[in-house]
Amino acid sequence: MITRRAFLGTAGVGTAAALAGCTSSSSGRPSSPPTTPGSTTPAPSSAPSGVRTWTELRAKLGNRLLRATDHGYSTARVDYNPRFDGNRPAGIAQVIGPADVQACVEFAAATHTPITARSGGHSYAGYSNATGALIVDVGHLSTVDVRKDGTAVVGAGARLGDVYTALAAAGRCVPGGSCPTVGIGGLTLGGGIGLLARKFGLTCDHLVSARVVTADAVLRMASTTSEPDLYWALRGGGGGNLGVVTSLTFRTVPAPAVTVFSLQFPSGSAASVLGQWQSWLKTAPDELFANCIVHGSTPASCSVGGCYVGSPSRLNPLLDALVRQAGATPTGRYVAAKSYLDAMRYFAGCSQLTSTQCRPNWGGGNGTLGRESFVATSRMVTAPMRDPGTVVAAITGSGLDAIFDSLGGAVGRVGAGATAFPHRGAIASVQLYHGGAATQPVTAVRDRLTPLLGQHGYVNYIDPSMPNWATAYYGANLPRLRTVAQHYDPHAVFAFAQGLTRA
């Protein structure tokens, strides 16, 4: 069984792990596809009538509605993080189409039952498995349909490993994260920082349209021409807000050949490497994605890894320059040319696994990728770090991994208000990731880093204890997001502790 923590610690492999929130596999059941660009936008679909009790919801969903006394409930409620195994949802709806979702939303609105969507089940705060809530599990909405015009219609419950495999078979890709069991829906709604972001942008930058059931239980198309404010908010406004997405249409790009790399640096060199890493990225081409992971040992150690859209012969001089500037000789260096799909499998820790094996082994899954208890949070690096040594000192001895993921490039060429994702000018995101259930090391390092890095964070690494969380996650886009939420969810049907209706 493979866990993400084990993967992070694997020399030569783990330096780019946990990029996207490793936060059900394709079932063959079709979701209702969005219209493609140029086609007629469908009229909103009214909700089915009369679903106002658990009995009526059961009549609609049959054995796809699981309550605490039902066979399969204990398995179905399991998410990625065992920290939340004590959560007890009021019900889990394993939906197979938009009409099921509409019935769930209608029921929740009528009964004031909390409702939340679950795609991959990687919510850092356990919101996708909340006690007392109706969980709308979209895992069966997982088909991937690559069309002749280069767009791809993807069910909101498709996991990244299956999305990448299906797109690669057609010679296409969408930029995204490294964790194969993360759901495409949750990744996109929070923005979608990932391995090809500097070259191609965030995942949400490729979203053409989405079908979403809003709080009035109406199925709507969100695009530039249909519900444009909703479309804007869905690109970075965070999962759990505004509605339940059932499918997404993406603009894809040709799948490139890439070179993956990992540099392991000796203990005691972290401050120099981190400082030179940020300087090195200023002039790096968009084709280069590189993270810097500072391991909170005593003394701290670090590694730099990532991928380059191009050949090893073009990448190696860039790596040589970083090594010279850092003044530290790597204890390990790995560089390898790979296809797009093989690179995604490498970062997923699945290079030696079949596609079936590179899937979750929880919640009824038949794969080999295991669960892991962890606590995590984030900050955004919005300006050059003036004293990298102080940053490293704040991490040293904590036992956690501080994963600095490079931004810039195509991410920064989109205006901060063009989508709901506000961090377009950031140099990097930093995820603070600690195995186990202890929150204190993570919050302590977060708070020590705040005066050094600023108060912003990434909503896909949502943290229940984040100070001033609404501003931290949404910045200057918060007022518009509040307005959109009030319009589409005036009665707070989708309210949760860190939802937009409470922002």
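Just to be sure, is residue 130 within 23 Å of residue 374 (Cα to Cα), of a type in the set (A, V, I, L, M) and open to solvent by 10 Å² or more (accessible area, probe 1.4 Å)?
For residue 130, the condition - within 23 Å of residue 374 (Cα to Cα), of a type in the set (A, V, I, L, M) and open to solvent by 10 Å² or more (accessible area, probe 1.4 Å) - is met.
Has the range 166-177 got at least one residue that is within 21 Å of residue 243 (Cα to Cα) and in a loop (DSSP other than H, G, I, E, B)? No: the range 166-177 contains no residue that is within 21 Å of residue 243 (Cα to Cα) and in a loop (DSSP other than H, G, I, E, B). Of all the criteria given as (1) of a type in the set (Lys, Arg); (2) in a loop (DSSP other than H, G, I, E, B); (3) touching an Asp or Glu at 6+ places or on another chain (Cβ under 9 Å), the one not satisfied by residue 198 is (2). Search the range 288-336 for residues being touching a Pro at 6+ places or on another chain (Cβ under 7 Å) and of a type in the set (A, V, I, L, M), and hand back the single one that is surrounded by the fewest Cβ atoms within 10 Å (Cβ to Cβ). Result: 335. Residue 417 meets all of the listed conditions (1) in a strand (DSSP E or B); (2) open to solvent by 40 Å² or more (accessible area, probe 1.4 Å) but one, namely (1).
Quick one: in the range 277-311, which of the residues that are among the hydroxyl-bearing types (Ser, Thr, Tyr) and in a loop (DSSP other than H, G, I, E, B) is farthest from residue 194 (Cα to Cα)?
By that ranking, first place goes to 298.
Across the range 435-472, which residue is farthest from residue 275 (Cα to Cα) among those that are in a helix (DSSP H, G or I) and among the aromatic types (Phe, Trp, Tyr)? Lay out the reasoning, then the answer.
At the first step, the residues of the range 435-472 found to be in a helix (DSSP H, G or I) are 440-453, 459-461, 469-472.
Still in the running and among the aromatic types (Phe, Trp, Tyr): 461, 469.
Details: 461: 24, 469: 28 Å.
It comes out as 469.
Every residue, every condition in (1) under 26 Å from residue 248 (Cα atoms); (2) open to solvent by 10 Å² or more (accessible area, probe 1.4 Å); (3) of a type in the set (Ser, Thr, Tyr); (4) at pLDDT 95 or above, yes or no:
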| position | (1), (2), (3), (4) |
| --- | --- |
| 85 | no, yes, no, yes |
| 89 | no, no, no, yes |
| 112 | no, yes, no, yes |
| 125 | yes, yes, no, yes |
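From the list 167, 141, the lone residue that is touching a Gly at 6+ places or on another chain (Cβ under 7 Å) and of a type outside the set (Asp, Glu) is 141. Is one or more of the residues making up the range 444-466 on the phi > 0 side of the Ramachandran plot and at pLDDT 95 or above? Yes - at least one qualifying residue is present in the range 444-466. Checking every residue in the range 358-374 against the condition of being touching a Gly at 6+ places or on another chain (Cβ under 8 Å) and over 28 Å from residue 174 (Cα atoms) gives at least one match. In summary, residue 208 fulfils each of the numbered conditions (1) open to solvent by 10 Å² or more (accessible area, probe 1.4 Å); (2) among the aliphatic types (A, V, I, L, M); (3) in a loop (DSSP other than H, G, I, E, B) with the single exception of condition (3). Listed by first and then second residue, the pairs with beta-carbon distance under 8 Å, at least 6 apart or on different chains, first residue in the range 146-162 and assigned to a strand (DSSP E or B), second open to solvent by 10 Å² or more (accessible area, probe 1.4 Å) and of a type in the set (Asp, Glu), are 152/145; 153/145; 154/145. The residues of the range 352-397 that are in a strand (DSSP E or B) and closer than 29 Å to residue 474 by Cα, listed by number, are 374, 375, 376, 377, 378, 379, 380, 381.
Per the conditions (1) under 19 Å from residue 300 (Cα atoms); (2) open to solvent by less than 10 Å² (accessible area, probe 1.4 Å); (3) of a type in the set (A, V, I, L, M, F, W, C), the sole criterion not satisfied by residue 444 is (2). With respect to being outside any loop (DSSP other than H, G, I, E, B), over 25 Å from residue 76 (Cα atoms) and touching a strand residue (DSSP E or B) at 6+ places or on another chain (Cβ under 9 Å), residue 321 falls outside the description.
Of all residues in the range 474-499, exactly one satisfies the criterion of being in contact with a Ser or Thr (Cβ under 9 Å, 6 or more places away or on another chain) and hydroxyl-bearing (Ser, Thr, Tyr), namely 488.
Residues to consider are 150, 194, 171; find the one that is small (Gly, Ala, Ser) and buried (at least 24 other Cβ atoms within 10 Å of the Cβ). Testing whether each residue is small (Gly, Ala, Ser) and buried (at least 24 other Cβ atoms within 10 Å of the Cβ) leaves just 194.
Of the listed requirements (1) touching a helix residue (DSSP H, G or I) at 6+ places or on another chain (Cβ under 7 Å); (2) open to solvent by 10 Å² or more (accessible area, probe 1.4 Å); (3) of a type outside the set (Val, Ile, Thr), residue 378 misses just one: (2).
Scanning the range 308-328 for residues that are of a type in the set (Ser, Thr, Tyr) and touching a helix residue (DSSP H, G or I) at 6+ places or on another chain (Cβ under 7 Å) gives a single hit, 308. Name every residue in the range 221-272 that is part of a strand (DSSP E or B), open to solvent by 30 Å² or more (accessible area, probe 1.4 Å) and closer than 24 Å to residue 422 by Cβ, in order of residue number. Matches in the range 221-272: 251 only. When we screen 363, 408, 397 for residues that are open to solvent by less than 40 Å² (accessible area, probe 1.4 Å) and either more than 22 Å from residue 470 (Cα to Cα) or touching a Cys at 6+ places or on another chain (Cβ under 6 Å) (or both), the only hit is 408. Residue pairs whose Cβ atoms lie under 9 Å apart, separated by 6 or more positions or on different chains, with the first residue in the range 52-77 and over 18 Å from residue 119 (Cα atoms) and open to solvent by less than 30 Å² (accessible area, probe 1.4 Å) and the second among the aromatic types (Phe, Trp, Tyr) and at pLDDT 95 or above, are 57/107.
The values are calculated or read from the model by the stated rules, or taken from the named source; none is laboratory data. Quantities reported herein were computed from a predicted structural model and do not represent experimental measurements. Cβ sites come from the backbone with ideal geometry, for glycine too, and all protein chains shown count toward neighbours. These area figures cover heavy atoms from the full protein model, side chains too; ligands, DNA and RNA do not enter into them. Shrake-Rupley method; radii C 1.70, N 1.55, O 1.52, S 1.80 Å.
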